[in-house]
Every structure is written in structure tokens, then in C-alpha cells.
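Below is one structure, written out as C-alpha cells, with a few remarks after it.
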Amino acid sequence: MAAVDAAAQGVAGEMSDFMHAQVAVVRLLEWIGEDPTREGLLDTPKRVAKAFREMTSGLAVEPRSVLGTVFNETSDQMVVVRGIRFSSLCEHHLLPFTGTAAVGYVPNGRVIGLSKIPRLVEVFARRPQVQERMTNQIAQALMEHLSPRGVGVVVKAHHSCMGCRGVRQPDAEMITSCVLGCMKDEPASRAELMEFI
């Protein structure tokens, strides 16, 4: 019975937090001069709260949980997954930045399932972020979990905080990279990664 009560309190607490988020959106709408009771905005607070929960869902996920099982393989040639689309939230303005990531690694006797790399990108993208940190986090997590000879990550993105406000440069693209291990120490490995992506 105590477990049921605790679960019920947890649900009530979550609902309370969800309601608080909706009230915050109502206040924001009022602050900008809108009427949150007009027909088009009636469900907006609920939609915004749900959207923010989804866009920040990576905060509740431990990176190692998505990396899953590794496989022993003798392959020592570079593995690259490119064109991984993502959407994240700039932590400075809570506006989206979207783009693609390319992730490569040189195995050291172990490989990881193909789908795990895009999932790892999602874990870090679905958090309030800055692109530089996200790029480093992806590389570090793969290095720590898989222990490859080297890792390289290149992220390209367009930032709404720069496109729809401030300097208003919607076509400007930010590119960040992080190379570790042999990709940092060996120019030939780094060049091979850049050629692939």
C-alpha cells in the first residue's frame, strides 16, 4: 500500500510541475501582450510544456544506456555515420538549433551497433545545449564506452537565436569538431575522417 501511495504522490507531483509549466507559459503570453484565453491560444500552454519536455528528454537519459551492447570484431578500419539529423535547444535563448552530426571512430577490437550512434547524438541534443559542448560530449561518451583507438565528431548547425533575432543571419552555419585519440594524434586518421564526411 505504501508503494501505491508513493506512486500516486509522484504522479500528483509531476502533474503539479506540468501545471506550473503551463502557468509560466500563460504569464509569458500575457507579458508579450497576448490574450491567453483567445481561441487560438487556449491549448498553447499545454502544447509548449509538452514540447519542452520532449525537447529536453535527454536530461533523463544516461548516455551509456543507449550505447548498449558492443561486439568483438577484428576490424580496425574507420567507421563513420554521417548525416545524423538533430534538433536541440540553445541554452542561452531556449530557441532551436538544428543540423547534422557526423561521428567516426577507429575500433580497437570492439564495434557498436549502427543505430546506437544516432541515439547517442539524440541524448545530448535533447538537452539545453551549446553546440561546442554537445560535440565534445558525444565524442567523450563514445571514447569512454567503446575505448576505440580514436573518435571524431563534426557537427554543423543553423541557430535560430542568430537567425530570427540579434544579427539575423539565418543562413549562417556553425561547425564544431572534437577529435580524440589517434584522430587527434595522427594527421592521416584525421584527414581520412574529413574525407569521409
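Derivation of every value follows stated rules applied to the coordinates shown; laboratory data play no part. It should be emphasised that the depicted structure is a prediction, and the values quoted were computed from it without experimental measurement. When we count neighbours, we look across all protein chains shown, and the Cβ atoms used for this are built from the backbone with ideal geometry, even at glycine.
Whole-Hz Karplus values for segment 159-176 come out as 10, 4, 5, 9, x, 10, 8, x, 6, 6, 10, x, 8, 5, 10, 9, 10, 10 Hz, taken residue by residue from phi with 6.51 cos²θ - 1.76 cosθ + 1.60 and θ = phi - 60°; glycine and proline positions read x.
Return the FRET efficiency for the residue pair F18, E132: r is the Cβ-Cβ distance, R0 is 35 Å, and the value is rounded to the nearest 0.05.
0.65
Please report the projected area of segment 21-169's Cα convex hull averaged over all directions, in nm². The Cα convex hull of segment 21-169, projected and averaged over all directions, gives 10.2 nm².
Around the amide H of F97, modelled in the peptide plane, lie the amide H atoms of S88, L89, C90, S160, all under 5 Å away and 5 or more residues distant in sequence or on another chain. When the Gaussian network model of the chain links Cα atoms closer than 10 Å, the mean-square fluctuations of P170, P63, P148 top out at P170. Of the chymotrypsin sites (Phe, Trp or Tyr not before Pro) found in segment 50-90, none is in coil by DSSP with at most 15 other Cβ atoms within 10 Å of its Cβ. At full extension, F196 and R165 could sit 7.7 nm farther apart than now, given 0.36 nm per residue minus the alpha carbon distance.
Computed from label points 7 Å out along Cα-Cβ, the spacing between K50 and Q77 is 4.7 nm. Distance from the C-alpha centroid of segment 169-191 to that of segment 88-139: 14 Å, rounded to the whole angstrom.
Only helices reaching 18 angstrom along their own axis (Cα) with mean Kyte-Doolittle hydropathy no lower than 0.5 count here, and for the DSSP H runs of the chain these are 2-31. Principal axis analysis of the Cα atoms in segment 96-197 yields extents of 48, 27, 18 Å, listed in decreasing size. Only beta bridges with both residues in segment 87-163 are counted; by DSSP, about 85 percent of them are antiparallel. Taking the DSSP beta bridges with both ends in segment 63-196, the antiparallel portion is around 95 percent. Pairs of Lys residues in the chain that lie 8 or more places apart, or on two chains, and have C-alpha atoms under 27 angstrom apart add up to 5.
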